[in-house]
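The values are calculated or read from the model by the stated rules, or taken from the named source; none is laboratory data. Fair warning: this is a prediction, and the values are worked out from it, not measured in the lab. With ideal geometry, Cβ positions are generated from the backbone for all residues, glycine too; neighbour counts draw on all protein chains shown. Just so you know, the surface numbers come from the protein's heavy atoms only, side chains and all, with ligands and any DNA or RNA stripped out. Shrake-Rupley method; radii C 1.70, N 1.55, O 1.52, S 1.80 Å.
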Amino acid sequence: MQDRPLLEVRDLHKHFPVGKKGLFGTPAQWLHAVDGVSFNVMRGETLGLVGESGCGKSTCARTLVGLYPPTSGEVHYDGVEVSHMTRKERAPYRRKIQMIFQDPYASLDPRQTVASILAEPLKIHKLAKPRERKLRAMQLLDAVGLNPRHIHRYPHEFSGGQRQRIGVARALAMEPDLIICDEPVSALDVSIQAQVVNLLEELQERFGLSYLFIAHDLAVVRHICDRVAVMYLGKIVEIATRDELFENPQHPYTRALMSAVPHPDPKIERTRERIVLEGDVPSPLDPPSGCRFHPRCVERSKVPGDRCSMEEPMLDERSACHLG
Ligand code: SF4
């Protein structure tokens, strides 16, 4: 791994307007989906991004690949600020950051054969001459463990796991450095999930890829990630190496999440105590004051006074909590 991050995200915000008011139709409210997120992904590294549904993980991913313009903040790719570039300026960088989606069927055009699904990015980005595209597409299918002779089949002729492999092949066609995997195995049968995770690991080794791996299944995250960032209501509340995070979580929210994960050691597993979080994640339309986790935090009473509800804790090297 090099010293300079491949991807550097600085104080990224993504807010969406909700409703309209007044003569000029100004937004009635703003949905704070991503609210000041900073992290790095190094070359060859897998960074996990975890948190409950609706915490902003997928919006963050979509903002990073340029599907949404950021409200503010910066995204640096290999030292170059890319988030405020025009579409044309950004084109060479867009190819280098690819995305794999949760539902492979929805992300593949059912009217196109696999040959044309894989040839299209090669054509658009001029990565292969016309006569080379079919061979390249067959090589990509082989790389993801599918039979290259099935290149003229349509997506519906493949199983769910095979379709996700086609999604991976399409991302690889662009010769990326970083792949953002947005819940890539959660729609698959448990027996197939391990195969796709193993494939991602093999491809990382072979092509030197970096991954931003978004998932809610912490067992999968523990298996594949080098470091893990925990998101709650649009913010990162803890970031640490996988072992630090799973063995010694610091933030009360992380502790609650980790308490639900079975431990591989049967002795430790017997003594595992589950921390059950009360209530739902508050609305990102009106996030709580101070620490956003305070209405649900079971450790809040350890902090003197009203500090938790009044003052927002900043993310230090490890976690964002007044308990330190
Ligand atoms: Fe809990 Fe207070 Fe820490 Fe927030 S700052 S996680 S409310 S103890």
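How many residues are in contact with a His (Cβ under 9 Å, 6 or more places away or on another chain), open to solvent by 70 Å² or more (accessible area, probe 1.4 Å) and either within 10 Å of the ligand (Cβ to nearest atom) or at positive phi (or both) if we restrict to the range 248-301?
Qualifying residue count for the region: 1.
Please state which of the following conditions residue 314 fails to meet, knowing it meets all the rest: (1) within 13 Å of the ligand (Cβ to nearest atom); (2) touching a Lys or Arg at 6+ places or on another chain (Cβ under 7 Å).
Of (1) within 13 Å of the ligand (Cβ to nearest atom); (2) touching a Lys or Arg at 6+ places or on another chain (Cβ under 7 Å), only one is false for residue 314: (2).
What pairs come up if the first residue lies in the range 147-170 and is closer than 18 Å to residue 198 by Cα, the second is open to solvent by 60 Å² or more (accessible area, probe 1.4 Å) and among the acidic types (Asp, Glu), and their beta carbons are under 8 Å apart, counting only those six or more places apart or on different chains?
160/189; 161/189
Find the helices (runs of 4 or more DSSP H) located wholly in the range 231-296 whose residues include 3 or more that are within 19 Å of residue 214 (Cα to Cα) and without any contact (Cβ under 8 Å) to a residue 60 or more places away in the chain, and list them.
242-247, 252-259
For residue 135, indicate whether it is surrounded by 16 or more Cβ atoms within 10 Å (Cβ to Cβ) and either under 22 Å from residue 96 (Cα atoms) or touching a strand residue (DSSP E or B) at 6+ places or on another chain (Cβ under 6 Å) (or both).
The answer is no for residue 135.
Under 14 Å from the mean Cα position of the chain (by Cα) and touching a residue at least 12 places away in the same chain (Cβ under 8 Å): does that describe residue 38?
When the stated conditions are applied, residue 38 passes them.
From (1) of a type outside the set (Phe, Trp, Tyr); (2) surrounded by fewer than 22 Cβ atoms within 10 Å (Cβ to Cβ); (3) out of contact with any strand residue (DSSP E or B) (no Cβ under 8 Å at 6 or more places or on another chain); (4) outside any helix (DSSP H, G or I), pick out the condition that doesn't hold for residue 185.
Against the list (1) of a type outside the set (Phe, Trp, Tyr); (2) surrounded by fewer than 22 Cβ atoms within 10 Å (Cβ to Cβ); (3) out of contact with any strand residue (DSSP E or B) (no Cβ under 8 Å at 6 or more places or on another chain); (4) outside any helix (DSSP H, G or I), residue 185 comes up short only on (2).
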